[in-house]
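See structure below.
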Amino acid sequence: MMASEVMALILRAALCTGLAILVLLALGRPLRRWLGAALAYQAWLLVPLRPPSRPW
């Protein structure tokens, strides 16, 4: 793998992770209301466990 491919992969992973964090921040209160606090906090475990993103 070339350095530029690795950097593109790192950038894509960072963008996808950042997007997942923003979604969870936006849905925090509704999730706590609908699912309860315990499940809403457990949703944060989905951020590092998300499947690898597809190439653009």
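The values are calculated or read from the model by the stated rules, or taken from the named source; none is laboratory data. Keep in mind that this is a model prediction, so the values were computed, not measured. Here the Cβ is made from the backbone with ideal geometry for all residues, glycine too, and neighbour counts use every protein chain on show. What goes into the accessible areas is simple: the full protein's heavy atoms, side chains included, and nothing from ligands, DNA or RNA. Shrake-Rupley method; radii C 1.70, N 1.55, O 1.52, S 1.80 Å.
Observations on the structure shown:
- Among the residues of the range 1-19, those identified as surrounded by fewer than 10 Cβ atoms within 10 Å (Cβ to Cβ) and assigned to a helix (DSSP H, G or I) are A3, S4, E5.
- The range 1-24 residues that are over 17 Å from L46 (Cβ atoms) and modelled with pLDDT of 85 or more, paired with ones that are outside any helix (DSSP H, G or I) and open to solvent by less than 60 Å² (accessible area, probe 1.4 Å) (beta carbon under 7 Å, 6 or more apart): R12/S53
- Residue within the range 33-43 that is assigned to a helix (DSSP H, G or I), among the hydroxyl-bearing types (S, T, Y) and at pLDDT below 90 present: no
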